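Data block below; observations after.
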Amino acid sequence: MKIVVAIKQVPARDSLLKVNAEASWIEDSDLSFEINEPDAYALEAGLQLKEKEGGEVVVLCAGPDRATQTIREALAKGADRAIHIEVEETSAGDPLVLSRLLAKALEAEQPDLVLTGLQSDDLGYGQTGVILAELLGLPHATLIMNVETEGAGIRVRRELEDGWFQNVDMPLPALLTIQSGATKLRYATLMGIKKAKTKEIKLLTADELGGVSEPSITVSRLYVPPKTKQSQIFDDAPKEAAAKLVEKLRFEARVI
Amino acid sequence: MSGILAVLEQREGQLHKMALESLAAAQKLGAELGQPVYAALLGAGAEAAAQAVAAFDIAAVHVLSHDLLAEYTPDGYVLALRQLIQAHSPAWVLFPHTYQVRDFAPRLSTSFGKVLVSDVVGHRIENGAAILVRQMFQGKIASDIQCNGEGPFFASIQAGAFRADALTAGSAKVEAFAVTLDAAQIRTKPLERFRESDRAVDLTAAPIIVSVGRGIREEENIHIVQELADALGGELAASRPICDNGWLPMERQVGSSGQTVAPKMYLAVGISGAIQHLVGMKGSKVIVAINKDPEAPIFEVADYGIVGDLFQVVPALIDALKK
Ligand SMILES: Cc1cc2nc3c(=O)[nH]c(=O)nc-3n(C[C@H](O)[C@H](O)[C@H](O)COP(=O)(O)OP(=O)(O)OC[C@H]3O[C@@H](n4cnc5c(N)ncnc54)[C@H](O)[C@@H]3O)c2cc1C
Ligand SMILES: Nc1ncnc2c1ncn2[C@@H]1O[C@H](COP(=O)(O)O)[C@@H](O)[C@H]1O
């Protein structure tokens, strides 16, 4: 089975975020970056399928130069090769414009299965995978917790709301968006890290993929959401803050 | 191109809890832009749900009918709604931001060459055009979005952004819309829905809930928060990553994929306050948050909060409670 996993590099989870002077993106010069969390699970799902069914796992990533680090880590975990679409990231983008580039690269690969994360931690559109499915004419399913082959196709487990699940049968080729947390993630081994250095990372530019199309939305301004609720926040030393809180809960809110 | 179309979600005749909120958004936008509002419903039970929607002040409720729509599939819903949108050319198509909408709506908007503006938490009108506000970075940053060119424009509305009780009553006509569909066009086959675990703990009955998030760092530390729950006589709950890691059973997960709770007091320890968590506990009477990051979105919904390291704050709190 030939599997392509779309991975994105995003600011590390506990980053303290500041909007840049132009309000077009965050101040990212001092941040550290990591793989988008659900994408790590998508990669894991791809690697496990390959171990069972044979074949190849290719990672696909659009991002600036620094994304090479995240791509190398995916190769060290066991992906066979990578495609890096070099795009600068200085403002918040239109997911359809980006998806058209990813789709062009995928068309050339003709995979049996495309895996994406269900949502990016930064832009958070939660739709790049579904857009790709439409652009490529592939059947799709989202919020996937488990994938198994079933005859010539696959059976996937979808997460629904309120603790419900549903299995869905579908043919290949197909596209799935993967939910976080379904399995344990593997670590890269020393051997894997060594091998990754010799694995192919194919560089592509937007121009080689048909160019950047006209965006259908414009993100005009980023800002910290204004506070709407009157909260009482204590930031004294723990002991004082705890005493104040207990007093409030007892005598003002009267909940304890 | 005119009109606001609200595509509502229902199951076996029951409207989704977010459906009327997105209808309220459509009514508001319709009033501001001077455009009529329509609703659409599909799937088994749509006729019954349409009766409930027809009790509001909108122009019409379209019931998309076809045997192949009885059960939800993304292919079926996309093809059916495409036909409705092509027939009526609405300027805006709004959805509640449910898991089902996440599954098919981006595909529908892409087929029109448009982006679904997902997860909308607010809007305003500037020069006769709607600017939408959506969240980024798990709720830590907001952004203003403008839709370019001609409609239809697509947006999904996050839970709690508009109030269903703001809807004005009326009486709308219910119209059947015949869809053309072929079984071969539907490529995925949904099987039975199931729940994984019997819920032994009923969090919804607990008057006090103490909930723990990834700030706790390790399974070995969970007992600290358990002790706080015991001191308060409350139940222990958690954010999703804690349950994913197996540190607590899934039945203790609060949020859109876990339980929805509304206790007298909800105390969130080391939880950032992502929207999927907030929708499960926003209805709590009193919300208390402990987090080391003063900008954490959980403080947005908190009545009381302590900014600090939970490993110091929680023991101090337990002490203070004993006094
Ligand atoms: C479709 C979908 C469904 C989802 N369903 C759910 C759901 O049902 N329930 C749910 O909870 N999530 C759900 N999520 C996940 C959700 O988006 C968040 O990722 C999750 O809620 C984050 O959990 P958290 O706040 O514990 O962790 P994080 O976001 O990692 O936050 C940890 C917090 O702890 C704080 N912290 C760290 N160290 C300390 C310390 N020493 N002292 C004090 N504070 C500290 C940090 O400042 C941070 O705010 C869902 C996501 C998706 C996309
Ligand atoms: N720049 C990118 N490069 C590769 N994959 C991406 C990129 N942006 C988004 N994706 C994929 O699409 C998923 C959903 O992203 P989003 O629609 O932004 O929430 C992510 O989890 C990734 O798998």
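The values are calculated or read from the model by the stated rules, or taken from the named source; none is laboratory data. Given the structure is predicted, the values throughout are model-derived calculations rather than measurements. Note that we place each Cβ from the backbone using ideal geometry, even for glycine, and neighbour counts take in every protein chain shown. All accessible areas refer to the heavy atoms of the entire protein, side chains included, with ligands and DNA or RNA removed. Shrake-Rupley method; radii C 1.70, N 1.55, O 1.52, S 1.80 Å.
Tabulated results
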read-out: Proportion of all alpha-carbon pairs of the range B:203-322 beyond 25 Å (%); value: 10 percent
read-out: Relative contact order (%) - chain B, alpha-carbon pairs under 8 angstrom, separation at least six; value: 15 percent
read-out: Nitroxide proxy distance, nm - points 7 Å out along Cα→Cβ at A:E208 and B:R193; value: 4.6 nm
read-out: Size of charge dipole - the range B:75-185 - debye, nearest 20, with Cβ of Lys, Arg +1 and Asp, Glu -1, no other charges; value: 180 debye
read-out: Chain A: relative contact order as a whole-number percent, Cα under 8 Å and 6+ apart; value: 24 percent
read-out: Accessible surface, per residue, of the range A:34-154 when the full set of protein chains is kept, probe 1.4 Å, Å²; value: 32 Å²
read-out: Label-zone membership for the range B:218-249, site B:K322, 7 angstrom Cα→C-beta point, backbone N under 14 Å; value: B:227-232
read-out: Label point at A:E53 placed 7 Å out along Cα→Cβ; residues across the range A:107-139 whose backbone nitrogen lies under 16 Å; value: A:110-116, A:138-139
read-out: For the range A:87-172: span of alpha carbons on each principal axis (Å, largest first); value: 42, 35, 15
read-out: Evaluated at q = 0.13, 0.15, 0.20, 0.21 Å⁻¹: base-10 log I(q)/I(0), Debye formula over Cα of the range A:138-256; value: -1.00, -1.03, -1.12, -1.13
read-out: Listed residues B:A237, B:A161, B:A52, most fluctuating in chain B (Gaussian network, C-alpha, under 10 Å); value: B:A52
read-out: Sequence of A:L123, B:L79, A:L175 from largest to smallest accessible area, 1.4 Å probe; value: B:L79, A:L123, A:L175
read-out: Between the range B:29-68 and the range B:132-198, the alpha-carbon center distance in angstrom; value: 13 Å
read-out: Stokes-Einstein D (µm²/s) once Rh is taken as the Kirkwood radius of the range B:110-216 over alpha-carbon pairs, at 20 °C in 1.002 mPa s; value: 109 µm²/s
read-out: Within chain A, helix-based [θ] at 222 nm, where runs of 4 or more DSSP H residues each add -39,500 (n - 2.57), nearest 500; value: -9000 deg cm²/dmol
read-out: Proximal aspartates and glutamates to A:K104, defined as alpha-carbon separation beneath 12 angstrom and excluding residues fewer than eight positions away on the same chain; value: A:D207, A:E208
read-out: Accessible surface of A:D14 - all protein chains present, 1.4 Å probe, nearest 10 Å²; value: 120 Å²
read-out: Net charge contributed by nearby residues that have their C-beta within less than 11 Å of B:A59 (K/R +1, D/E -1); value: -1
read-out: The range A:78-84 - phi-based ³J(HN,Hα) in whole Hz, Karplus 6.51/-1.76/1.60, Gly and Pro as x; value: x, 5, 7, 7, 9, 10, 10
read-out: Label-to-label distance, nm, for residues given as B:A129 and A:E109 (7 Å Cα→Cβ offset); value: 3.5 nm
read-out: Where labels lie 7 Å past Cα in the beta-carbon direction, separation of A:E247 and A:S220 in nm; value: 4.7 nm
read-out: Quarter of the Cα convex hull surface for the range A:2-209, i.e. its orientation-mean projected area (nm²); value: 12.1 nm²
read-out: Exposure ranking of A:K194, A:K244 by accessible area [1.4 Å probe, largest first]; value: A:K194, A:K244
read-out: Förster-model FRET efficiency, 45 Å R0, B:A262 and B:S111, C-beta, rounded to 0.05; value: 0.70
read-out: With all protein chains modelled, accessible area of A:S91 [1.4 Å, Å²]; value: 60 Å²
read-out: Entries of A:K244/B:K322; A:K52/A:K77; A:K239/B:K140; A:K52/A:K197 with Cα pairs more than 21 Å apart; value: A:K239/B:K140; A:K52/A:K197
read-out: Probe 1.4 Å - accessible area at A:T189, Å² to nearest ten; value: 80 Å²
read-out: Whole-number D in µm²/s for chain B (Stokes-Einstein; Kirkwood sum over Cα pairs; 37 °C, 0.692 mPa s); value: 154 µm²/s
read-out: Sum of -39500 (n - 2.57) over DSSP H runs of 4+, divided by residues of chain B (222 nm, nearest 500); value: -8000 deg cm²/dmol
read-out: Value of Rg/Rh across the range B:230-294 [Cα atoms, Kirkwood radius]; value: 0.93
read-out: Rg/Rg_ref, the range A:182-234, where Rg_ref = 2.2 N^0.38 Å and atoms are Cα; value: 2.29
read-out: Cα-based Rg / Dmax (Å) for the protein assembly as shown; value: 23.9, 70
read-out: Kirkwood hydrodynamic radius of the range B:4-185, Cα pairs, Å; value: 16.3 Å
read-out: Kyte-Doolittle mean at least 0.0, axial Cα span of 18 Å or more - DSSP H helices of chain A; value: A:95-109
read-out: C-alpha long axis of helix B:222-232 to longest principal axis of chain B, angle in °; value: 90 degrees
read-out: Farthest toward positive dipole pole in the range B:4-185 [+1 Lys/Arg, -1 Asp/Glu at C-beta], among B:A25, B:H66, B:Y38; value: B:A25
read-out: Under 15 Å from the B:D309 label point (7 Å along Cα→beta-carbon), backbone N, the range B:198-231; value: B:215-218
